[in-house]
Amino acid sequence: MYDNYGNNQAQAPPQPTQKVLRFDKNYIKTLPGILKIVELLCNFIGFICIKVSWSMWVSAIFFNILYWVGNIITCFLFVMYMFHFVEKYDKWPWLKLEFFFCCAMALAYICFSIFAATIGEGVGYAVGFFGLCAIIAYSIDGYLKYKGWRRGLPPQ
């Protein structure tokens with residue numbers, strides 16, 4: 001009649017693990033962390049090269065916009081990975097968003113670096129060189145994000 005009523009106790013559902021924000025200095029030693037640092041350095045050095053030039057050409061406006069957008073978003077992503085915001089907000093498609101951002105930045109750098117190199121002068125060549133370094137860094141980072149996104153890996 002009671003069918004073992006005393007032995008069938010209701011078990012509490014498992015508690016979800018708490019996702020805690022924490023600083024992780026080891027992210028700097030990983031390949032994505034190194035790529036983010038290289039991207040930030042290339043953006044910053046290219047920005048300094050544009051600002052040091054005395055010739056005010058129209059393309060400097062576009063370079064400044066590209067460098068500031070690149071610095072702000074890349075720095076934002078770097079902080080998000082360093083403090084594990086990406087793990088806490090895992091519902092967002094981080095890898096897909098970052099893949100499209102890296103592709104857009106690489107394409108923009110291709111256009112602007114070619115334009116800077118064809119203008120010439122020492123500043124144009126320096127901006128073209130650091131643009132090439134940024135193209136390589138953003139392309140590798142985008143490729144890694146694409147592979148992770150297609151495999152269904154977590155972002156961090």
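The Phe100 and Ile61 beta-carbon pair, evaluated with R₀ = 25 Å, returns a calculated FRET efficiency of approximately 0.55. How big is the Kirkwood radius of segment 65-110, worked out from every pair of different alpha carbons and given in Å to one decimal? Here the Kirkwood hydrodynamic radius works out to 11.3 Å.
How long is the gain from Val20 to Leu41 if the chain were fully straight, where each residue apart is worth 0.36 nm and the alpha carbon distance is subtracted?
Numbers: separation 21, 0.36 × 21 = 7.56 nm, distance 2.95 nm.
Contour length minus the Cα-Cα distance gives 4.6 nm.
The translational diffusion coefficient of segment 43-129, from Stokes-Einstein at 25 °C and 0.890 mPa s with a Kirkwood hydrodynamic radius over alpha carbon pairs, comes to 173 µm²/s.
No lab work stands behind these numbers, since they all come straight from the coordinates. These numbers come from a predicted model, not from an experiment. Every residue, glycine as well, gets a Cβ built from its backbone with ideal geometry; the counts of neighbours run over all protein chains shown.
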